[in-house]
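Any read-out appearing in this document is the output of simple, stated calculations on the displayed coordinates, not a laboratory observation. From a predicted model like this one, the values you see are computed outputs, not experimental measurements. In this analysis, Cβ positions are derived from the backbone assuming ideal geometry, glycine residues included, and neighbour counts consider all displayed protein chains.
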Amino acid sequence: MKQITPWAIAYLTLNLLTACGGYPRYLNFPFDSGGRGLNSPAEELTPQIASPYVVFVSDRNSSQAVYLFDTQRRRLVDLPGLNSLNEIASHPAITEDGRYIVFSASRQGKSDIYLYDRETQQKRNLSESLNFETRNPTISADGDRIAFEVAQNGQWDIMVVDRSGAVLNNL
């Protein structure tokens, strides 16, 4: 019986590893000084991806707002009715199909969780009835459930609501 040499093992391992080179892919989006691309002179924060979209927060228009970038068309997507000049947006998340965007926003010292529907171009405050600080929302792949942190009883807890804002679970 013939033994496999260490060189043969190294050669096979190298070939196996290079064959897997297609994943993960590194996507390089050029810097756009005009602020119309994914990368700009401003800060781009907390990106979330749902292919082909990347949702993120940026202060590129002198206000921290939510932006959506289409990686296939290589351009920003308009989000009419989502951003307000009197809000500081943070921590966006997006559904798998790109229809719903959930994010946190602070206005006059109060933080809330908002859901934006790209199809209807409507923004809904999901935590308006809560008298607690909220942060770090996330959304299920299908957009049926939204989870976020809520400060109540002296600690941060997790709350789960549906798209209408009805509480499903308070863990």
(request) Report, in debye and to the nearest 20, how large the dipole of region 27-170 comes out about its Cα centre when Lys and Arg carry +1 and Asp and Glu carry -1 on their Cβ. (result) 320
(message) If I take R0 = 30 Å and measure r between the Cβ atoms of residue 99 and residue 153 in this structure, what FRET efficiency does the formula 1/(1 + (r/R0)^6) give, to the nearest 0.05?
(response) 0.30
(message) Using C-alpha positions alone, give me the convex hull volume of region 27-170 per residue in cubic angstrom.
(response) 110
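What is the Cα radius of gyration of region 77-146 over 2.2 N^0.38 Å, N being its residue count?
So region 77-146 has a normalised radius of gyration of 1.04.
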(message) If I take R0 = 30 Å and measure r between the Cβ atoms of residue 70 and residue 122 in this structure, what FRET efficiency does the formula 1/(1 + (r/R0)^6) give, to the nearest 0.05?
(response) 0.90
(request) Multiply the residue separation of residue 107 and residue 63 by 0.36 nm, subtract the distance between their alpha-carbon atoms, and state the gained length in nm to one decimal. (result) 14.6 nm
(message) Given Cβ point charges of +1 (Lys, Arg) and -1 (Asp, Glu) and nothing else, what value in debye, to the nearest 20, does the dipole of region 93-171 about its Cα centre take?
(response) 280
(request) Set the Förster radius R0 to 25 Å, insert the Cβ-Cβ distance between residue 132 and residue 45 as r into 1/(1 + (r/R0)^6), and round the FRET efficiency to 0.05. (result) 0.60
(request) Can you put 149, 128, 44, 119 in order of Cβ neighbours within 10 angstrom, beginning with the fewest? (result) 119, 128, 44, 149
(request) Identify, among 167, 71, 102, the residue whose Cα sits farthest towards the positive end of the charge dipole of region 27-170, taking +1 on the Cβ of Lys and Arg and -1 on the Cβ of Asp and Glu, with the dipole about the Cα centre. (result) 71
